[in-house]
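In what follows, a structure is listed as structure tokens, so that the remarks can point back to it.
Each reported figure results from applying straightforward, stated rules to the coordinates on display, with no laboratory input. Every value quoted in this text rests on a predicted model; they were computed, and no experiment measured them. When we count neighbours, we look across all protein chains shown, and the Cβ atoms used for this are built from the backbone with ideal geometry, even at glycine.
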Amino acid sequence: MADKIQTAPSAEDQDLARQVSRLTRRSFAVGGAASLVGLGVWGWLGYSREIDKASWPLRRMLEANEKLARACFSGTRPAPEFDVAYASEPRVNGRWGLGQKLNAAAWRLKIENPESRPVSFSLTLDDIQALPRVDSITELKCVEGWSTIVHWTGARLSDLMAKFRVGTRSGQAPDSRNSPGDLLRYVGLATPDKEYFVGLDMPSALHSQTLLCYAMNGEPLTAEHGAPLRLVIPVKYGFKSIKRLGTLRFSDDRPADYWAEMGYDWYAGM
């Protein structure tokens, strides 16, 4: 076989090779600089002073997000509802507050309203189920990035507040339209063992889709999904939908929140 004849590269080939070489060196330099900037910013965030378990730039960003979410929130604007055919069982995420064995017969929901006209009493599951029944098919969205459409059955938190006249300074039923100043500002919710707890702003608590749920996809709640009663609030991320409710506490003081104490956003609106 004859040897291949090697020829010198043309002027065009040489020019192209020089351009590729320059682009390669430039890309490497730009990429390296960007990596160094990224590492520098990450290191700066890591060594920045903390506010509520988050570096102060991240905390300020979360506060800005909360202001924007509050400004966009409307108590009359519902989260999307879906056909029941799309409903399925969500992941069992989060077992905080579910460590104790459930005694359904002994379970009670404690209501605390310490402001102005202080009251404290307990409700049974029968008391909750005596409130107007609501079926809602909404999307449970996790801050981790997954979501599931679920068919929930329960009672509106606002209906409980209206019937038992809690969440207000006067002891009257809440009326956000005509007497907004009579409303207390927050609701704190906790499991019976107090191991898990969340806080809600009052407008979100009064939203028509905020439910005290005792059934999921047509069946009573199971222990891992929060039996006998859990909160479902589709205008918030899933970690606000506390399982196995034990206490509702209405107050003007912003309540503690499990994940906010770990550095997450307290408001958690979508």
**OP:** Describe numerically, in nm with one decimal, the distance between label points set 7 Å from Cα along Cα→Cβ at Ser116 and at Cys142.
**Re:** 4.1 nm
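Using per-residue counts of other Cβ atoms within 10 Å, averaged over each peptide, order 213-222, 103-112, 260-269 from highest down.
Listed from highest to lowest mean packing, they are 260-269, 213-222, 103-112.
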Subject >> Hydrodynamic radius by Kirkwood, which averages 1/r over all alpha carbon pairs of the range 125-198, in angstrom >> reply: 14.8 Å
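Within 10 Å, count the other beta carbons around each residue, average over each peptide in 134-146, 150-162, and list them highest first.
In descending order of packing, they fall as 150-162, 134-146.
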Original post:
FRET efficiency for Lys67 and Val134, Cβ-Cβ distance as r, R0 = 35 Å, nearest 0.05?
Top reply: 0.70
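What ranking do 171-181, 88-98 get when scored by the average of other Cβ atoms within 10 Å per residue, highest first?
88-98, 171-181
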